[in-house]
Amino acid sequence: MRTTLRCPKCQGRKIIHVPVVRDNGYNRLMIEYRMGFFGDQEYGEFESYICRACGYAEMYVKGAPAINVDQIDGATLLDGEKDVGHPYR
Ligand SMILES: [Zn+2]
């Protein structure tokens, strides 16, 4: 939806962009537990695209290449470019 501005579920064309997603305590939703920086660029923060018609939502994490996977509890980098097989199949 971010690039097409079309909902993949209902084909709706009205998309709400939420640049900073917050929990109900009004804290920013983060992939790590704090704001990260890569150079001057913030990373790890969620943004969302929501279909106005059906509510389908896509979430993106800003600066994904800078995310330190080892710092996230339970996170694993699944590398589709390597022929190692999917661990959950
Ligand atoms: Zn929709």
Give me the pairs: first residue in region 37-59 and farther than 12 Å from V20 by Cα, second residue aromatic (F, W, Y) and within 16 Å of the ligand (Cβ to nearest atom), beta-carbon distance under 6 Å, and six or more apart or on different chains, which are they?
E58/Y49
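Can you tell me which residues in region 71-84 are on the phi > 0 side of the Ramachandran plot and either surrounded by 13 or more Cβ atoms within 10 Å (Cβ to Cβ) or not in a loop (DSSP other than H, G, I, E, B) (or both)?
Step one: of region 71-84, the residues on the phi > 0 side of the Ramachandran plot are 74.
Residues satisfying the conditions do not exist here.
Scan D83, D73 and give me the residue that is modelled with pLDDT under 75, out of contact with any Asp or Glu (no Cβ under 9 Å at 6 or more places or on another chain) and away from the ligand (no atom under 16 Å from the Cβ). Talk me through it step by step, then tell me what you get.
Details: D73 fails: modelled with pLDDT under 75.
On inspection, the qualifying residue turns out to be D83.
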Scanning region 1-34 residue by residue, the ones that are touching a residue at least 40 places away in the same chain (Cβ under 8 Å) and more than 16 Å from G63 (Cα to Cα) total 6
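Do you know which residues across region 58-67 are under 19 Å from G39 (Cβ atoms) and either at pLDDT 95 or above or surrounded by 13 or more Cβ atoms within 10 Å (Cβ to Cβ) (or both)?
If the condition is that a residue be under 19 Å from G39 (Cβ atoms) and either at pLDDT 95 or above or surrounded by 13 or more Cβ atoms within 10 Å (Cβ to Cβ) (or both), then V61, K62, G63, A66, I67 are the ones that fit.
Sort out which residues of region 43-70 are more than 16 Å from the ligand (Cβ to nearest atom), of a type in the set (A, V, I, L, M, F, W, C) and not in a loop (DSSP other than H, G, I, E, B), and write them in order of number. Quick ask: steps written out before the conclusion?
Step one: list which residues in region 43-70 are more than 16 Å from the ligand (Cβ to nearest atom), which gives 43-47, 60-70.
Of the ones still in play, those that are also of a type in the set (A, V, I, L, M, F, W, C) are 46, 61, 64, 66-67, 69.
Those that are more than 16 Å from the ligand (Cβ to nearest atom), of a type in the set (A, V, I, L, M, F, W, C) and not in a loop (DSSP other than H, G, I, E, B): F46, V61, A64, A66, V69.
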Go through region 24-53 residue by residue and tally those that are modelled with pLDDT under 90, of a type in the set (G, A, S) and surrounded by fewer than 16 Cβ atoms within 10 Å (Cβ to Cβ).
1
Are any residues in region 4-23 more than 14 Å from the chain's Cα centre (by Cα) and modelled with pLDDT under 95, and if so, which ones?
D23
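The values are calculated or read from the model by the stated rules, or taken from the named source; none is laboratory data. Worth saying up front: this structure is predicted, and the values here are computed from it rather than measured. Cβ sites come from the backbone with ideal geometry, for glycine too, and all protein chains shown count toward neighbours.
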